[in-house]
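Contents: one structure, followed by commentary.
Laboratory data are not the source of any read-out in this text; all were calculated from the coordinates shown. These figures come from a predicted structure and were not determined experimentally. All Cβ positions, glycine included, derive from the backbone under ideal geometry; neighbour counts span all protein chains shown.
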Amino acid sequence: MYGAIFIVMSIAWAGYFDGFKPDRLDLIGGLIVMAGVGVILFWPRS
C-alpha cells in the first residue's frame, strides 16, 4: 500500500513542484498501481 502511495505522490510532486508534465503512460501506470491496491484491500477473504 505504501508503495502505491509513493508512486502516485511522486507523480503529483513532479507535476506540481518540478514542473514535469506527466504523460499518458505515467497516469495509466499510476491507475494500474491504485487498481492493484484496490484488489489487495477489498478482495473478499474467506
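Axis angle, to the nearest 10 degrees, between helix 2-16 and the longest C-alpha principal axis of the chain: 20 degrees. Exposed loop sites, defined as chymotrypsin sites (Phe, Trp or Tyr not before Pro) outside DSSP H, G, I, E and B with at most 14 other Cβ atoms within 10 Å, are absent from the longest region of the chain, namely 21-46. Here is how the number arises for the chain: DSSP H runs of 4 or more residues each give -39500 (n - 2.57), the sum is divided by the residue count, and the result at 222 nm is -25000 deg cm²/dmol. Which label belongs to the value computed from this structure, given these candidates for semi-axes √(5λ) of the Cα gyration tensor in Å: (i) 26, 20, 7; (ii) 26, 11, 5; (iii) 25, 11, 10? Checked against the structure: label (ii).
Could you calculate the contour length gain from L41 to I5, that is, 0.36 nm times the residue separation minus the distance between their Cα atoms, to one decimal place in nm?
Details: separation 36, 0.36 × 36 = 12.96 nm, distance 1.35 nm.
This chain segment gains 11.6 nm when fully extended.
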